[in-house]
Structure formats: structure tokens, C-alpha cells
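Enquirer: Handing you this structure, nothing more for now.
The values are calculated or read from the model by the stated rules, or taken from the named source; none is laboratory data. These numbers were taken from a predicted model, which means no experiment stands behind them. Methodologically, a virtual Cβ is constructed for each residue, glycine included, from the backbone with ideal geometry; neighbour enumeration extends over all protein chains shown.
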Amino acid sequence: MFTVHSYNPLRKSDLYNVARKIFREADEMPLFDKAVAQCEHSLSRLLIDENTGYIAGFALVCKKPTKYYFKFMKSIPNCYELAFLGVAPEYQGCGIGSRLLKETLLELSQLASAYTCWLLVDCINEGAIRLYERIGFRRWRKTDEGKTPLPGYIMGISKSPYYTRFRHRFLPHIIVRN
Ligand SMILES: CC(C)(COP(=O)(O)OP(=O)(O)OC[C@H]1O[C@@H](n2cnc3c(N)ncnc32)[C@H](O)[C@@H]1OP(=O)(O)O)[C@@H](O)C(=O)NCCC(=O)NCCS
């Protein structure tokens, strides 16, 4: 059984143990440090395997972005960055990433009548892009050479389409413990 919890800084070292398995040390981990430091604890999530106590997955959400990639991003009202979404390798492919993503967007939609959420994903990460698009994220811009270590897409979503589609389907399955 899995339960979803708000981010708890006491689990920081466990969180790093998972993150180091899935994110690049050279360029992703420095941004990860930033995301951990400035994420909104109440919006960020740890998904715990209750049988083992391990962190199976996590979503870090920031109000203050870890980085501005384009000028226009500074002027988006009520904007959040899904700075990191990760699932431990042994738990991938079981729906945990989808669940964390849906849970994050539901939380944002309950917080504000309108919001935008964006993320950066490597263009070569086709699995993750498919997942984001299925949930409703759209590709906004491709990052220019040199702006990101690998070519990436800035993808984004705004409240209304997501809320209408997923509200009833997912709320009952989610246990949130603050
Ligand atoms: C991307 C990630 C968060 C997805 O989480 P997950 O729990 O494995 O995903 P789910 O089980 O919910 O699967 C949802 C979809 O993700 C896609 N997907 C996830 N991992 C994939 C992989 N390794 N290869 C291909 N597709 C993958 C598939 O489209 C899948 O849809 P499907 O069921 O139609 O095949 C997870 O694989 C991960 O942590 N990867 C490493 C870190 C990463 O890339 N994070 C995103 C950076 S922006």
C-alpha cells in the first residue's frame, strides 16, 4: 500500500538517495538542491511504500521557480513550477508518476480558481513527455541550445481543462497526510 504525504524535511536524506538514482549528478542535482530548498512543503509530495517505509516517488512544487528559461515566464500569474517528479527505479511503470502528477494538479486546483503549472523535460525523455501530455500538459517552447544541458521542452498546463477531466476520477483514491 502507498500513501501520499506532504514533503517532510526529516525525509530529506532518503529523498536524496532516491533522486541520485534517477537524476544526473552534473546538471540535474544542482537544480534539485534548489528545488528542495525552496519547494512549497504543503504542495510537494512524498509517496511512501507503507510496507517498507521507502520513498517510492516524489513531486517537488515551487512557487519561486528554480530558474527562468524565458522572459515571458516571469509574467504568468499564479504560476507554479513542477520542479522535480521522480519515481524510484524499482517502482517505475506502476502508475506512481501518474498518480503524483494528478495529485499535484488537484492540489493546485483546490488552492486557486486559476493557475498555471510548468515544467522542463528533456526532449529525449519520451516516456515522461507522453505522460505529461496524457495528463494535459502542452509543449510551450523548446529550449535553445546552451540554455539547458540537453535540448528540452517547457511544458505547461492551466487549471480548467485538467480539473474538468480528472476531478471525479481520482480524488477518492488519494490519501493525503500533512
Ligand atoms: C517519468 C517518471 C516520473 C514516470 O513515473 P512512472 O511511475 O514510472 O510512470 P507511470 O507508471 O505512471 O507511467 C505513466 C506513463 O509514463 C510513461 N513512462 C514512464 N516511464 C517510462 C519509461 N521508462 N519508458 C517509457 N515510458 C515511460 C509511459 O508513457 C506511461 O504510460 P503508459 O502506461 O501508457 O505506458 C519515472 O519514470 C521517473 O522517475 N523517471 C526518471 C526521472 C524522470 O525522467 N523524471 C521526469 C523528469 S521531467
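Enquirer: Please state which one of G93, G86, G97 is assigned to a loop (DSSP other than H, G, I, E, B), closer than 21 Å to N17 by Cβ and not β-branched (V, I, T).
Expert: G93
Enquirer: If you take the residues of segment 1-40 that are outside any helix (DSSP H, G or I) and among the aliphatic types (A, V, I, L, M), which of them is nearest to the chain's Cα centre (by Cα)?
Expert: Here the residue is V4.
Enquirer: Can you tell me how many residues within segment 41-75 are assigned to a strand (DSSP E or B) and in contact with a helix residue (DSSP H, G or I) (Cβ under 7 Å, 6 or more places away or on another chain)?
Expert: 11
Enquirer: Select, from Y69, Y132, Y80, the only residue that is within 15 Å of the ligand (Cβ to nearest atom), at pLDDT below 95 and out of contact with any Gly (no Cβ under 6 Å at 6 or more places or on another chain).
Expert: Answer to the check: Y69.
Enquirer: Output yes when any residue across segment 85-108 is more than 9 Å from the ligand (Cβ to nearest atom), over 20 Å from I157 (Cα atoms), out of contact with any helix residue (DSSP H, G or I) (no Cβ under 8 Å at 6 or more places or on another chain) and modelled with pLDDT of 95 or more, and no when none is.
Expert: Yes: one or more hits.
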